[in-house]
Amino acid sequence: MTVSLYMPIGYDGRALDVMGDAVALDPRTLEDPELVEQAQRGSYEAFEELVRRYRNDVFGLCYRYVGEREEAWDLSQEVFIKAHRGLKRFRRDARFRTWLLRITANRCKDYFKKRRLKTVALDDMSASGDAPGPALGPDGILEARELGEAIEQAVAALSEKHRLAFMLREYEGLSYQEMAEVMECTMGTVMSRLHHARKKLQEMLLDMGVVEGSAT
Amino acid sequence: MTMKNCPTEETIGRWFDGEAADADVDRHVANCTRCGEYAETLRMTRAALAERPAVRIENSQMPAYLNDLRGGIHRRRMWGRVWAGVSLAAAAVVAATALLTVVTQGPTAVQAHSVLEAHSDITGATTETIEYDNGTMTVWLNLPEDDMQ
Amino acid sequence: MTVAAIAWIALELGRAQATPTETVQLSVVAVKGVRDGRQPQYIDPGIPKKSHAALKPLGYDSYFKLQTADIPIPFGRETKIFITDVYELIVQPTGRDAQGRVQIKARIMMQSKTPNAPPKKALDTTLAMTPGKTLNLGGPKVDGGDLILVLTLN
């Protein structure tokens, strides 16, 4: 199935001679640093391979911010467009994925600023007694609402910086060092934000009766 | 049993995330009720989220995704660039004359295409539908000679 | 320490995914036709052979490949197909007629030379297409030639 819809154009705006300037190797076989290098030299094919590799990391993070596939589709597209424009500035000693997720996080933050969506901090909700909770069955066991869904809703209610820390750790699986690069903060701040997010979620699980014990 | 000298929850979090292997924390969590509960909360949360359906762009959606992306990248490139490539005059008249060949249809085993509607928003342009000897149907845009678009 | 029995129910697969929609496979071959006096007629080797029969009657001396695409397009939704930095093809299958042909809206959008001006509908059509047969849309200018889109539904 041929899906080439595009005449490659290099960074100087000239059309690339596909046969002359094209990547000699199948981009699928290349490691990220080599792909990035090729993309920086103007190979759109190499850039598309990077898109293929990381589209779910970007899309997933966008989706968890906006909660809707179509919005996440558009937002993730904007991320890759920004990445394409900024590719020349990417330093190849850094991890491409981390750089891309930083763009994603920043784009998602901007999205919310523009949309002026009100995110109710979970601690606010807890104080008012409006913390989210699932409907429990008569024996108190979580029946009506799946636990993971409840946790996701609680995560969505966290403040933006705490939510991002949690998502980068639990959904994207980043190390603390990588999280610090994405969030552009120190590792100490990473740990602090992650801990805060987890404490809030623990309080929620206690309120739900899913765990016993007392929050500290 | 809740032990004394509990590590901070941040420390337990680091241990849980594999950021700081610590045999002391291992032992403590195994034996301290409170810290064990906290670690269990972390474990439950992670396990519950792992059960959630994946949010992804499937391979079958990639052609459309990449297509949208290419269009988006090129639209960005258009801004600020002087578009000086396309001439919308001259050959239109020649093309219109050369292509004005109408053929009566022959017997066909398969129902042919139909053009239900065709128009253009370009001032002065016309459209025509042509069916060739070999059954190829073409909808053609005839541009005005002095298209000032 | 006990943890209350956790009876979470695994969500049905695909819950977070889009609802499946009927699609039809569209092949688009975008070509530039040029009257350059070349003899014999030249067809770019990159143009799929299945499109040659649709191009030859148009009467150009040379045909050059611009783009190809072969993608599923869902019913009831517009799909945008990038052709060049000036033209886009937007297609939307809307249904099937009694003969099994696919009713499809297809338009070629053309970017304006003026920055920030909205694009124009260079060619706006409503078609009833027979699967397996080709149909051309053409006539807009491209870089010294004419744009031809060879469409095939499968």
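Please treat every number below as a calculation from the coordinates, not as lab data. None of the values given here were measured: they were computed from a predicted structure. Every residue, glycine as well, gets a Cβ built from its backbone with ideal geometry; the counts of neighbours run over all protein chains shown.
Worth a mention:
- Taking C:T125, B:T33, C:T23 and counting other C-beta atoms within 10 Å, the order from fewest to most: B:T33, C:T23, C:T125
- Distant-in-sequence amide H partners of C:Y42 (H built 1.01 Å from N, under 5 Å): C:S62, C:Y63
- As a rough footprinting exposure proxy, the listed residues A:W73, B:W140 were ranked by other beta carbons within 10 Å of their own, and the order from fewest upward is A:W73, B:W140.
- Residue-averaged beta-carbon neighbours from other chains (10 angstrom radius) around C:67-73: 6
- Average beta carbon contacts from partner chains per residue of A:95-105, 10 Å cutoff: 0
- Förster radius 41 Å - calculated FRET efficiency between B:D121 and A:R95 (Cβ-Cβ, nearest 0.05): 0.30
- 3J(HN,Hα) along region B:28-44: 4, 4, 5, 10, 9, 4, 5, 5, x, 4, 4, 4, 5, 4, 4, 5, 4 Hz, from the Karplus curve 6.51 cos²θ - 1.76 cosθ + 1.60 with θ = phi - 60°, whole Hz, x for Gly and Pro.
- Cβ crowding within 10 Å ranks B:C32, A:C108, A:C185 as A:C185, B:C32, A:C108, fewest other Cβ atoms first.
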